[in-house]
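The values are calculated or read from the model by the stated rules, or taken from the named source; none is laboratory data. Here the structure is a predicted model, which means the values were calculated and not measured. Here the Cβ positions follow ideal geometry from the backbone for every residue, glycine too, while neighbour counts run over all protein chains shown. The area values use the complete protein model at the heavy-atom level, side chains included, leaving out ligands, DNA and RNA. Shrake-Rupley method; radii C 1.70, N 1.55, O 1.52, S 1.80 Å.
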Amino acid sequence: PGFCTDLHCQQDHTHGDGNFLVADPNNVVDAAIWYQDIVLCAGQKYIFSAWIMNIGQAAAPSPRISLVIDGEVLTSFMEMKKRNWEEISAEYIANNSGAVRVAIINGGGCEGNDLAIDDISLKPCSNTKVEIDGPEVICLGEDVSVSVSSLDSSIVTPDFQWQRSENGGQSWIDI
């Protein structure tokens, strides 16, 4: 999977064989390009991020977008290189517990503003530490004891996603 414009072919940011969103927002400022309603916990710090690519024609202006949570603009981006995935991110501390709208918003402009979006995420930040009891090197088939603890008392039952890297940490694959 990928897409081709008259000038360029591109694959998704993560693995090159997945999906991503291609958008050509109109000139309506503050219109949502993407959004999702999510429940957050009061006082928790989150990182909202996405990988964005400017896919406009060579002479077209760069996309203008903002990352927004619950109506609050966290950050705005006006200049992006053509045909390169760029990560945009911002921190957010939830004021209240409950559902909020997490969105990528159009900054306006009739010309250009063509973009691709991949790997949208909202992750809680914590002082979580993972301890592995046993040898430093673990071979396939060996038993290992793993304990997980959090230094942040507000996280009572954390969720974890185990991953592996086959290229020295350049990219990660969920297990």
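For the residues Val68, Val100, the requirement of being under 20 Å from Asp30 (Cα atoms) and in contact (Cβ under 8 Å) with a residue 40 or more places away in the chain singles out Val100.
Of the residues that make up region 37-46, is at least one at pLDDT below 90, farther than 23 Å from Asn95 by Cβ and open to solvent by 60 Å² or more (accessible area, probe 1.4 Å)? No: region 37-46 contains no residue that is at pLDDT below 90, farther than 23 Å from Asn95 by Cβ and open to solvent by 60 Å² or more (accessible area, probe 1.4 Å). Scanning region 47-88 for residues that are under 13 Å from the mean Cα position of the chain (by Cα) and open to solvent by 60 Å² or more (accessible area, probe 1.4 Å) returns Trp51, Glu87. As for region 114-135, it holds at least one residue that is in a loop (DSSP other than H, G, I, E, B), open to solvent by 90 Å² or more (accessible area, probe 1.4 Å) and either among the acidic types (Asp, Glu) or modelled with pLDDT under 80 (or both).
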